[in-house]
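**Student:** Below is a structure I'd like to ask you about.
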Amino acid sequence: MEDRPIKTSAPLTPTRATAETILKIEGRHPLSGEVRISGAKNSALAIMAGTLLCSDQCRLTNIPDLADIKRMAEVIAALGVQIVATPGNLDFDTRHLRTAEAPYELVSKLRASFFVIGPLLARLGEAKVPMPGGCAIGARPVDLHVRGLQAMGAEVIIEHGVVQATVKGNRRRLQGAKIYLDYPSVGATETLMMAATLAEGETIIENAAQEPEIVDLANFCRSMGAYISGDGSNKIVIQGCDRLHATDYPIIPDRIEAGTFLVAGAITQSEFSVFPVVPDHLLPVIAKLEATGTKVIAEGPNRLRIKPQGILRATDIETLPYPGFPTDMQAQFMALLTLCEGSSVVTETVFENRMHHVAEFKRMGADVKVKGNNAIIKGVPFLSGAPVMATDLRASAALVLVGLAAEGTTIMREVHHMDRGYDDLEGKFKALGARIERLTATL
Ligand code: EPZ
């Protein structure tokens with residue numbers, strides 16, 4: 001085809017160089033030692049919303065240092081809650097909760113901030129919370145949250161992108177209800193369980209999510225005097241009460257961060273320890289690591305050791321609600337499967353669009369074909385470092401894992417995705433012996 005001049009409406013001017021944070025990873029350095037796991041992001045975010053239920057002051061400890069935690073604190077402070085942050089701790093004083101309106105500019109940055117809707121309705125009888133946007137992995141609707149709150153007596157209008165909920169009646173108090181969730185949504189289970197703690201009467205949530213973060217939230221609410229049973233099963237029963245009192249509550253360890261490090265050991269064929277963990281929260285990840293031929297040894301009630309055996313065999317993964325294989329480990333485990341001998345199939349059943357990491361893996365030499373919500377992976381003998389782009393939180397972690405195993409250097413851009421959900425990931429890997437640097441590059 002003949003060369004055609006580029007038609008531009010204006011003379012091309014050199015764009016101003018921009019500074020951008022990147023991660024530079026030199027592959028194939030063995031890891032060793034031990035890594036300390038931070039508090040669970042997805043538990044901390046829900047429990048932070050749960051502090052709105054408290055009529056006193058409450059303290060949360062073992063809080064991870066994450067961008068998402070900071071954003072959630074901004075949303076809650078905007079509601080009139082006083083928050084004092086010290087390393088690893090958050091102190092909340094919710095006695096002066098003054099507004100039921102969560103600001104759009106803050107909620108739009110963090111989907112999890114939608115979780116404040118249940119506690120606001122329960123405490124104030126009203127809530128105005130912007131619809132959380134979709135994100136890279138899917139549309140992320142909130143219809144199950146809304147329908148459950150309506151069943152509890154909330155009148156809900158959605159207009160101009162804002163969910164406006166109010167409770168009518170003399171005491172403006174939510175009523176207990178029997179709710180069946182069409183899908184065991186983690187967020188909807190959390191919203192409705194929190195709302196029910198201060199409702200009139202009994203609420204039953206059928207087909208509830210069973211994730212460990214649900215149990216942690218229930219334990220937090222019980223520590224404030226709530227009456228909840230069945231959490232961790234698919235049927236949760238809550239007896240509403242009039243008020244919830246102060247508490248001092250530690251967040252559970254992050255099972256997804258722990259799983260990410262276990263996979264790091266397998267993909268780099270390195271042996272090291274991970275603690276604190278709750279081994280029961282990691283059963284599906286441990287089972288699939290062992291299916292690849294990698295051993296995971298218990299070194300105590302809350303400490304595991306990854307022990308690769310020099311071989312990596314292909315295995316299939318299907319993401320499912322807990323206790324199935326967690327969707328938040330799908331990208332990280334797929335990174336491992338790209339180097340496993342044989343052919344693996346990864347099926348993503350929870351989110352409709354959670355395969356963005358595949359294109360980046362292929363830039364590094366992986367053999368992956370995506371058909372709908374399935375990825376077919378053929379193991380290759382090695383991967384090569386390359387410039388890659390993080391597209392979402394768990395994809396960013398998966399790219400770090402591939403970078404650690406690849407020959408040569410990997411440069412990862414869009415590092416902000418990683419900072420949303422991992423507390424000093426590169427510092428923890430560096431302490432294990434990885435060659436990984438956070439740099440500011442002018443591009
Ligand atoms: C939570 O998101 C986690 N986030 C996600 O972690 C996690 O992937 C997800 O649960 C599943 O385990 C937090 O806890 C902050 P869902 P959530 O409601 O509550 C559909 C990470 O990487 N759905 O269980 O939003 C939804 O579209 C993040 O740490 C509805 O259709 O997940 C999805 O397909 C990513 N209607 C499925 O259910 C609703 O009202 C699961 O969503 C709600 C959800």
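Taken together, the values in this text are just the output of simple stated rules run on the coordinates, not laboratory data. Predicted model only: the values in this text are computed from it and were never measured. All Cβ positions, glycine included, derive from the backbone under ideal geometry; neighbour counts span all protein chains shown.
**Student:** Mind checking which lysines have their C-alpha under 19 Å from Lys369, skipping anything on the same chain fewer than 8 residues away?
**Tutor:** Filter leaves Lys378.
**Student:** Could you please state, rounded to a whole Å, how far the C-alpha centre of region 271-325 is from the C-alpha centre of region 88-138?
**Tutor:** Cα centres, region 271-325 to region 88-138: 35 Å.
**Student:** For Glu20 and Glu407, FRET efficiency with R0 = 25 Å and r from the beta-carbon atoms, rounded to 0.05?
**Tutor:** 0.50
**Student:** Can you tell me how much longer the chain between His245 and Arg36 gets when fully stretched, taken as 0.36 nm per residue apart minus their C-alpha distance, in nm with one decimal?
**Tutor:** Taking 0.36 nm per residue and subtracting the Cα distance, the gain is 72.1 nm.
**Student:** Another question, then. What distance in nm separates the simple spin-label points at Val345 and Val370, each placed 7 Å from Cα in the Cβ direction?
**Tutor:** Label-label distance for Val345 and Val370, simple model: 1.9 nm.
**Student:** Right, another one. Hey, which of these cross-link pairs are over 29 Å Cα-Cα: Lys109/Lys295; Lys24/Lys307; Lys41/Lys371; Lys24/Lys362; Lys109/Lys428; Lys41/Lys168?
**Tutor:** Lys109/Lys295; Lys41/Lys371; Lys41/Lys168
**Student:** For Tyr227 and Asp56, what is the calculated FRET efficiency with R₀ set at 25 Å and r taken between the beta-carbons, to the nearest 0.05?
**Tutor:** Rounded to the nearest 0.05, the efficiency is 0.90.
**Student:** Thr99 label point, 7 Å along Cα→Cβ, cut-off 19 Å on backbone N: hits in region 28-63?
**Tutor:** 49, 52-53
**Student:** Right, next: Quick check on region 41-250: take the gyration tensor over C-alpha atoms, sort the square-rooted eigenvalues as a ≥ b ≥ c, and tell me if it's rounded (a/c under 1.5), prolate or oblate.
**Tutor:** Judged from the Cα gyration tensor, region 41-250 comes out rounded (a/c under 1.5).
**Student:** As an exercise, identify the trypsin sites (Lys or Arg not before Pro) in region 210-294 lying in DSSP coil whose Cβ has no more than 14 other Cβ atoms within 10 Å.
**Tutor:** Answer in residue order: Arg243.
**Student:** I would also like to ask the following. Could you work out the Rg to Rh ratio of the chain, with Rh taken as the Kirkwood radius (inverse of the mean 1/r over all Cα pairs)?
**Tutor:** Rg divided by Rh gives 1.00.
**Student:** Still on this structure: Rounded, prolate or oblate: which one fits region 290-443, using the alpha carbon gyration tensor with axes a ≥ b ≥ c (rounded when a/c is under 1.5, else prolate when a/b beats b/c, else oblate)?
**Tutor:** Since a/c stays below 1.5, the shape of region 290-443 is classed as rounded.
**Student:** Further question: For region 202-219, in order, what is each residue's ³J(HN,Hα) by Karplus, 6.51 cos²θ - 1.76 cosθ + 1.60 with θ = phi - 60°, in whole Hz (x at glycine and Pro)?
**Tutor:** Whole-Hz 3J(HN,Hα) from phi for region 202-219: 9, 10, 10, 10, 9, 6, 6, 5, 10, 4, x, 5, 5, 5, 5, 5, 5, 4.
**Student:** Okay, moving on. Work out which GluC sites (Glu not before Pro) in the chain are exposed loop sites (DSSP not H, G, I, E or B, at most 14 other Cβ within 10 Å) and give the longest gap free of them.
**Tutor:** Between the exposed loop sites, the longest stretch runs 3-351.
**Student:** What are the residues whose amide H is under 5 Å from the amide H of Phe272, where those residues sit 5 or more places off or on another chain and H is modelled from the backbone?
**Tutor:** When sequence neighbours closer than 5 places are left aside, the close amide H contacts are Ile306.
**Student:** Next up: Mind checking which of Ala314, Ala195, Ala258 has the largest fluctuation in a GNM of the chain, springs on alpha carbons under 10 Å?
**Tutor:** Ala314
**Student:** For the chain, what's the relative contact order in percent, using C-alpha pairs closer than 8 Å and at least 6 residues apart?
**Tutor:** Normalised by residue count, the contact order of the chain is 21 percent.
**Student:** Under a point-charge model restricted to the Cβ atoms of Lys and Arg (+1) and Asp and Glu (-1), what is the dipole moment magnitude of the chain relative to its Cα centre, in debye to the nearest 20?
**Tutor:** 320
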